[in-house]
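Enquirer: The structure follows.
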Amino acid sequence: MHRFFVDPDAWSADGCVLKGEEAHHLVNVLRLRPGAKILLFDGRGGQWEGEVKSIGRGAVYVALTGERNYVPMPLAVNLLQGLPKGQKLDLIIQKAAELGAAQVVVVACERSVVQLDGEKAKGRLARWERIAKEASKQCGRPVPLAVKGVWSLSQALAMVGSGGLSLVPWEEEGVRGLHEALSDQPAPPRVVNILIGPEGGLTPGEIAQAREAGFLSVSLGPRILRTETAGIAAISMVLYQWGDLGRAPGKERGDG
Ligand code: SAH
């Protein structure tokens, strides 16, 4: 069933109206017609089944035919991603959404080759949000991946706060692996933060700053992964350990 996000303000008691890009997608791209069954997400976890009733100018009227249960994600994984070159972040955001991360925070690191500021950063953020929404729709997650940034490392660390487990994969970490860091936790945390450097890695100063903010440095294994691989791999491992990755729907891990 095709999925659409709809602004909660557009709901009425028995239906809703899709407008803008969502209406365009339904009418012109998917070419759905009245009678088509669709799935609606309000972006906060609510999910409804609906049926297209009529199509007007730039608006699609949908009747709600049933509500679906929302299964909240058991674990919020935040990826703090050092701003990489070119279009790599597009891929990282798409994959983070599919895997089930909660948010991606884009961090301007010392070795980030590109520096985005002002209007440019705003434009890129809008593009990343669009990619996050698209990917979230495609993979059927009722709450889309959030994208924040572009922030300095200090801003990103302050946002994360002190709750949960915070990890900084570092290729020079010779003692603690991600595997041990996860197995050593007495109970599954509710939040896991993962800081990944850009192509050139994190500087010793940035590693120190992260450690000061409570991040544990961990190895991801004996091979150096590209920045886009490192985030995707770390999210996968954490959500396999404590989240819903690798589990049948409805058998997600709850509290224990
Ligand atoms: N420029 C560095 C590698 C940076 S890789 C070099 O060539 O040595 C980009 C980011 O991916 C790093 O900042 C780190 O966060 C992560 N990373 C890649 N491979 C890793 C590994 N084996 N262990 C831990 N972190 C890794």
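The values are calculated or read from the model by the stated rules, or taken from the named source; none is laboratory data. It should be emphasised that the depicted structure is a prediction, and the values quoted were computed from it without experimental measurement. Virtual Cβ from ideal backbone geometry, glycine too; neighbours counted across all protein chains shown.
Enquirer: Just one of (1) touching a residue at least 40 places away in the same chain (Cβ under 8 Å); (2) within 8 Å of the ligand (Cβ to nearest atom) trips up residue 192, so point out which.
Expert: Of (1) touching a residue at least 40 places away in the same chain (Cβ under 8 Å); (2) within 8 Å of the ligand (Cβ to nearest atom), only one is false for residue 192: (2).
Enquirer: Still on this model: Considering 195, 182, which residue is touching a helix residue (DSSP H, G or I) at 6+ places or on another chain (Cβ under 9 Å) and not in a strand (DSSP E or B)? Full working, then the answer.
Expert: Numbers: 195 fails: not in a strand (DSSP E or B).
Going through 195, 182 in turn, just one is touching a helix residue (DSSP H, G or I) at 6+ places or on another chain (Cβ under 9 Å) and not in a strand (DSSP E or B): 182.
Enquirer: While we're here: Applying the selection to segment 197-215, what residues are away from the ligand (no atom under 11 Å from the Cβ) and surrounded by fewer than 17 Cβ atoms within 10 Å (Cβ to Cβ)?
Expert: Within segment 197-215, 204, 205, 208, 211, 212, 214 qualify.
Enquirer: Which residue is surrounded by the fewest Cβ atoms within 10 Å (Cβ to Cβ), if the candidates are limited to segment 34-75 and must be over 28 Å from the mean Cα position of the chain (by Cα) and small (Gly, Ala, Ser)?
Expert: Of everything passing the filter in segment 34-75, 35 is surrounded by the fewest Cβ atoms within 10 Å (Cβ to Cβ).
Enquirer: Scan segment 19-40 for residues that are part of a strand (DSSP E or B) and either more than 30 Å from residue 74 (Cα to Cα) or at pLDDT below 90 (or both) and report the count. Before the answer, list the steps.
Expert: Step one: filter segment 19-40 for residues part of a strand (DSSP E or B), giving 19, 37-40.
Narrowing the set further to residues that are either more than 30 Å from residue 74 (Cα to Cα) or at pLDDT below 90 (or both) leaves 19.
Counting residues in segment 19-40 that are part of a strand (DSSP E or B) and either more than 30 Å from residue 74 (Cα to Cα) or at pLDDT below 90 (or both) gives 1.
Enquirer: Kindly establish whether residue 221 is more than 8 Å from the ligand (Cβ to nearest atom), on the phi > 0 side of the Ramachandran plot and either surrounded by fewer than 14 Cβ atoms within 10 Å (Cβ to Cβ) or at pLDDT 95 or above (or both).
Expert: Details: more than 8 Å from the ligand (Cβ to nearest atom): no; on the phi > 0 side of the Ramachandran plot: yes; either surrounded by fewer than 14 Cβ atoms within 10 Å (Cβ to Cβ) or at pLDDT 95 or above (or both): yes.
So residue 221 does not fit the description; no.
Enquirer: Now, a different point. May I ask you to list the residues in segment 222-249 that are without any contact (Cβ under 8 Å) to a residue 40 or more places away in the chain and not in a loop (DSSP other than H, G, I, E, B)?
Expert: 229, 233, 240
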